[in-house]
1. Looking at region 71-91, is at least one residue in contact with a strand residue (DSSP E or B) (Cβ under 6 Å, 6 or more places away or on another chain), hydrophobic (A, V, I, L, M, F, W, C) and assigned by TED's automatic domain parsing to the domain that holds SER15?
2. Given the residues GLU51, GLU87, which is the only one that is within 16 Å of ligand 2 (Cβ to nearest atom) and in contact (Cβ under 8 Å) with a residue 12 or more places away in the chain?
3. What's the total number of residues in region 29-83 that are part of a helix (DSSP H, G or I) and not small (Gly, Ala, Ser)?
4. Take region 78-96 and flag every residue that is open to solvent by less than 50 Å² (accessible area, probe 1.4 Å) and on the phi < 0 side of the Ramachandran plot.
Amino acid sequence: MKEDLKAFMSIEEVSELLGVNYQLIYRQIRSGALRAARIGRVYRITRADLEAYLEEAKRIGAGVETACSVCGQSYRSASSFPGSCGECGAPICTDCWMRVGTRRCSEHK
Ligand SMILES: [Zn+2]
Ligand SMILES: [Zn+2]
């Protein structure tokens, strides 16, 4: 499958590739879970970023707990981590991101 991936893909292509709807991919991009380059009004997802996203999704899907980089609390679901550290990309949980408004992990604050 990897050989079929193009260097840059649109949201449409990624959603088709993964068999999910457009809105889901769009939301993943807006939440920062999936990295994408914004060119004018369209998004382009690189193959490397898509692969990184899928690795993360697999890890979380396997039930591996991820610890918040700010408070250390562990969660199983990717939706528990709406944000990530602006410096290193470490996951930040809903509590720290939404309620406290933290944008950096404990190492980079
Ligand atoms: Zn936290
Ligand atoms: Zn950090």
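1. No; the residues of region 71-91 include none that is in contact with a strand residue (DSSP E or B) (Cβ under 6 Å, 6 or more places away or on another chain), hydrophobic (A, V, I, L, M, F, W, C) and assigned by TED's automatic domain parsing to the domain that holds SER15.
2. On the way: GLU51 fails: within 16 Å of ligand 2 (Cβ to nearest atom).
One residue alone meets the criteria, GLU87.
3. Here is the first cut: in region 29-83, the residues part of a helix (DSSP H, G or I) are 29-30, 47-61, 78-80.
Filter once more, so that each one left must be not small (Gly, Ala, Ser): 29-30, 47, 49-51, 53-56, 58-60.
Number satisfying all stated conditions: 13.
4. So in region 78-96, the residues open to solvent by less than 50 Å² (accessible area, probe 1.4 Å) come out as 80-85, 89-93, 96.
Across region 78-96, the qualifying residues are SER80, PHE81, PRO82, GLY83, SER84, CYS85, ALA90, PRO91, ILE92, CYS93, CYS96.
Every residue, every condition in (1) within 16 Å of ligand 1 (Cβ to nearest atom); (2) modelled with pLDDT under 95, yes or no:
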residue	(1), (2)
PHE8	no, yes
GLN23	no, yes
GLY40	no, yes
ARG47	no, yes
GLY61	no, yes
GLU65	yes, yes
TYR75	yes, yes
GLY83	yes, yes
ARG104	yes, no
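The values are calculated or read from the model by the stated rules, or taken from the named source; none is laboratory data. Since the model is a prediction, treat every value here as computed from it, not as a measurement. For neighbour counting, all protein chains shown are included, and Cβ atoms are generated from backbone atoms with ideal geometry for every residue, glycine included. Just the protein is used for accessible areas: all its heavy atoms, side chains included, with ligands, DNA and RNA removed. Shrake-Rupley method; radii C 1.70, N 1.55, O 1.52, S 1.80 Å.
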